[in-house]
Amino acid sequence: MALKENYRELLIDAVVRVAAREGLDRTTTKLIAAEVPCNEVYIYRNFGSKDALLQAAFSRTDLRFVQTVLKNLDVMDAPGQPLEQRCRALWEPVWRFCLAQPDDIRFYLRYYYSAQFLASAHELHHRNYQQLQARLSRYFISSHDSWLLMAHIFETILSFASHVLCGDLQDTPELDEQVFSLIFRTLQPYMLP
């Protein structure tokens, strides 16, 4: 069983690298198999289809992002610290997570903005984020706004990370501060102190 799980992880790692490098349209089972290396039949034995493999890879990165936020969310409850300082303490590890895994984020961006995402993974993505939304909602004035605010944070992080990963922007402390300030200043009126 462990061998099968290891093989599944190898295939997920491979599809992430291939899709990050080639794009979704040019990601073939032949390229994925060559990246492992293995026979293409292992893709079908482990996932049933290339689309299912792509969805599994997306879900893994999606869950890792959620887990990174959840793992660091306790800083929001730090007594005696101003809201901005608490938000910055949460922001830093999430931003670093995105920039430390360029292939995963490139793949994630390509899949997230694809028709495949809407057809296959949109509901899964929402399920992945329900626990995060439930935890984050207590920091906002209205829990009804928490989905929209969480989507804004997520989209802004992805957008700036994509600009850094493609070389349009440099990963500098100044950029970190600008992106954090943009997100924080937008959210601050909706947050509890």
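What shape does the chain have by the C-alpha gyration tensor, where a ≥ b ≥ c are the square roots of the eigenvalues, rounded means a/c under 1.5, and otherwise prolate means a/b greater than b/c and oblate the rest?
Numbers: a/c = 2.34, a/b = 1.88, b/c = 1.24.
Note, shape of the chain comes out prolate.
Tell me, what is the percent relative contact order of the chain, built from C-alpha pairs under 8 Å that lie six or more residues apart?
22
In debye, nearest 20: dipole of the stretch 22-172 around its Cα centre with unit charges on the Cβ of K, R (+) and D, E (-)?
Values: 15 positive and 17 negative charges, 67 e Å.
Roughly 320 debye for the stretch 22-172.
Mind giving me the nanometre distance, one decimal, between the label points for residue 184 and residue 70, set 7 Å out from Cα along Cα→Cβ?
Reported label-point gap for residue 184 and residue 70 is 2.6 nm.
List every residue whose amide H lies under 5 Å from the amide H of residue 140, counting only residues 5 or more places away in sequence or on a different chain, with H placed 1.01 Å from N in the peptide plane.
Excluding prolines and chain starts, which carry no amide H, the hits are 192.
Taking Cα pairs under 8 Å and at least six residues apart, what relative contact order does the stretch 1-84 come out at, in percent? Walk me through the numbers before you get to the answer.
Working: 45 pairs, mean separation 22.0, N = 84.
Normalised by residue count, the contact order of the stretch 1-84 is 26 percent.
Dipole of the chain (Lys/Arg Cβ +1, Asp/Glu Cβ -1, origin at the Cα centre): which of 180, 112, 162 lies farthest to the positive side?
Selected residue: 112.
Nearest 10 degrees, 0 to 90: what angle lies between the long axis of helix 83-100 and the longest principal axis of the chain (Cα atoms)?
20
Provide the per residue accessible area, probe 1.4 Å, for the chain, rounded to a whole number of square angstrom. Intermediate results must be reported in sequence, preceding the final value.
Values: 10040 Å² over 193 residues.
Computed with neighbouring chains in place, this is 52 Å² per residue.
Working with all protein chains in place, sort 41, 36, 179 by solvent-accessible area computed with a 1.4 Å probe, largest first.
Working: 41 60, 36 35, 179 0 Å².
The ranking, largest first, comes out as 41, 36, 179.
Going from the alpha-carbon gyration tensor of the stretch 95-193, what semi-axes, largest first and in whole Å, does one get by taking the root of 5 times each eigenvalue? Numbers along the way, then the final one.
On the way: eigenvalues 107, 88, 19 Å².
Listed largest to smallest, the semi-axes of the stretch 95-193 are 23, 21, 10 Å.
Size of the dipole of the stretch 6-48 about the Cα centre, Lys and Arg at +1 and Asp and Glu at -1 on the beta carbon, nothing else charged, in debye to 20? Mind showing how you got there, number by number?
Details: 6 positive and 6 negative charges, 9 e Å.
Here the stretch 6-48 has a charge dipole of around 40 debye.
Considering only C-alpha atoms, what is the centroid distance from the stretch 160-192 to the stretch 66-130, in Å?
So the separation of the two Cα centres works out to 13 Å.
Ignoring ligands, DNA and RNA, what percent of the 1.4 Å accessible area of the chain is carbon and sulfur? All intermediate terms of the calculation are to be shown ahead of the outcome.
Numbers: 5530 of 10040 Å².
In the chain, the share of accessible area belonging to carbon and sulfur is 55 percent.
Note down the net charge around residue 173, summing +1 for each Lys or Arg and -1 for each Asp or Glu among other residues with Cβ under 14 Å from its Cβ. Don't skip to the end; give the middle numbers.
Numbers: positive: 88, 96; negative: 92, 171, 174, 176, 177.
Taking every Cβ under 14 Å from that of residue 173, the sum is -3.
The values are calculated or read from the model by the stated rules, or taken from the named source; none is laboratory data. Because the structure is a prediction, the values reported are computed rather than measured. FYI the Cβ positions are ideal-geometry reconstructions off the backbone, even for glycines, and counts take in every protein chain you see. Side chains are part of the model used for accessible areas, which takes the heavy atoms of the whole protein and leaves out ligands, DNA and RNA. Shrake-Rupley method; radii C 1.70, N 1.55, O 1.52, S 1.80 Å.
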